[in-house]
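Read through the structure below, which is laid out as structure tokens, and then see the notes.
The values are calculated or read from the model by the stated rules, or taken from the named source; none is laboratory data. Small disclaimer: the values here were computed from a predicted structure and weren't measured. Please note: Cβ atoms are built from the backbone with ideal geometry, for glycine as well, and neighbour counts cover all protein chains shown. Keep in mind that these areas ignore ligands, DNA and RNA; they rest on the heavy atoms of the full protein, side chains included. Shrake-Rupley method; radii C 1.70, N 1.55, O 1.52, S 1.80 Å.
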Amino acid sequence: MESHEWARQEEDVATIGITDYAQAEIQDIVYVELPEVGMHVRQKTEFGVIESVKAAFDLYAPVSGEVIAVNDMLVDAPEHVNISPYEDGWLIKIRMAAPAELGALLDADSYQAHIADEN
Amino acid sequence: MLGKGTAVMKRTPLYDIHRALNAKWTEFGGWAMPLQYSSIVAEHLAVRASVGLFDLSHMGEIEVRGEGAGRFLQKLSTNDSSRLKNGQAQYSLLCNETGGTVDDVLVYRFTDTRYMLVVNAANIAKDFAWMETHNDIGVNLADRSNDTVLIALQGPNAIEILNPLVPGADISEIPFFRFTESRIADIPALISRTGYTGEVGFELYVNAADGKELWHILYPAVTAAGGLPVGLGARDTLRLEAGLRLYGMDMDEQTTPLEAGLSRFVKLDKGEFIGSDALLAQKESGVARRLVGFQMRDRAVARAGYAVYQHGARIGTVTSGAPSPTLKCNIGFASITVSRDNRSNSIVARGPVPRARYKAIDIEIRGKLRPAEIVKVPFYRGE
């Protein structure tokens, strides 16, 4: 699928998840594979995988930097990505190497227009 | 996201009903089919707990008629169709001369001069051509696929839903793999106690023109019983739990039924049939690979195409894999090597040894070996 991750900035840290649209499309999330704390991720490259009953979906980093936290709750309860994609279902926190990369992402309104186009 | 456009694909007569139910679509064997209506897990669990309603009109129906119909089927199929009584169905395989599997089919016997084969959607044209090519007996073959709607009603509540709709018959008395020609409400129907889910259930064959009406009769009863319409997504996980092979995934023309673990449907003592020499030779020499069931020991999901290892050596490939909604673990089929150098696996195929010698395998998932074990199928047993 097209990249459907979100990033929420707090100073130089970005919290990363997938959008409500993406979780609704993927459905029935049964497994989330995330990087370990301390690993470095690069913008637009894969950092993990979400699996539904039907298929595996790659996760792409919206920004570059060091992984400083992963949502361990998802190991045993991956369904939180379905239930609460913007809060309990967050995936990782990245200390951004280049916060200016955020400027390349769609804002919420542009994203809504983009998914409206996709359908 | 779930696939390409469905514009050029074939549609079943119930297409508009699925659209109105807001189905997500998938391509299967050239057909636009519902992948899911609500969620694969919800639909799967509805079939296990209550009942599910499936449009399977993409499947093919080929009629075989004439004096030689029985002989024709004995020649083309691996199971012993002479054991069929009128009103009985049988799972069987069509093989080529080298024993490779052309298709897996259900053979329905109406009378000794009238049979019907139900074949996989992607294989309808291939199977019909195969049957015509080998029709030196001179039976009458007719492809009824476009004239037929097939609706499956599967799950523990299937009997109580269907029974009041069938006048003058108690469908609970139809044994497994038997069928009756009757009416559902006013619709002439072949009511078959068969399915692909591991549950109690029926497959209902009606004239294409009556298909929508049958769905509209069954749908309210299904939802009132807590059941759901079910798409191909849950059909796949249901059949996998029940240990049922899927043609094109778990077997194909390069796989013999013996390699697919289907030897009980290959009756080598019934006399010659297409592929019997090759299958007999393979039975005597032993199969080089065999389909086994496996269960993951962690949460990673093994999927078709992933490599299978044992003691660090590559021994095969996953052919089907998915999370099991009923068992809450990840299961699948793998085709693995059986050889003298790999005693443990040859023992899987040949009989009892200490389980620890063959159980443990590893499956490579995104570059990492993940632990799994070979287990008996079916993974789940309902009916």
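For the reader, a short list of remarks on this structure follows.
- Over chain B, equivalent-ellipsoid semi-axes from the Cα gyration tensor in Å: 33, 27, 18
- Computed P(r) (all Cα pairs; the protein assembly as shown; 10 Å bins; percent): 4, 17, 25, 24, 17, 8, 3, 1, 0
- Relative compactness, the range A:55-119, computed as alpha-carbon Rg over 2.2 N^0.38 Å: 1.30
- Shielding value for A:51-61 is 5, the average number of Cβ atoms from other chains within 10 Å of each residue's Cβ.
- Gyration tensor verdict on chain A (Cα atoms; rounded if a/c is under 1.5, prolate if a/b is larger than b/c, oblate otherwise): oblate
- Loop GluC sites (Glu not before Pro), the range A:1-91, which have at most 12 other Cβ atoms in a 10 Å radius of their Cβ (DSSP): A:GLU2, A:GLU11, A:GLU36, A:GLU87
- Rg(Cα) / (2.2 N^0.38 Å) computed for the range B:1-112, rounded to two decimals: 1.38
- Ordered by solvent-accessible area of protein heavy atoms (1.4 Å probe), largest first, the residues A:ASP28, B:ASP127, B:ASP143, A:ASP109 come out as A:ASP109, B:ASP143, A:ASP28, B:ASP127.
- For the cross-link pairs A:LYS93/B:LYS359; B:LYS126/B:LYS359; B:LYS126/B:LYS270; A:LYS54/B:LYS212; B:LYS212/B:LYS267, the ones whose C-alpha atoms lie over 30 Å apart are A:LYS93/B:LYS359; B:LYS126/B:LYS359; B:LYS212/B:LYS267.
- Comparing A:THR19, A:TYR111, A:ILE68 along the charge dipole axis of the range A:5-118, the residue lying farthest to the positive side is A:ILE68, per the Cβ-charge model.
- Ordered from highest to lowest accessible area with the whole protein assembly present and a 1.4 Å probe, B:HIS44, A:HIS114 read as A:HIS114, B:HIS44.
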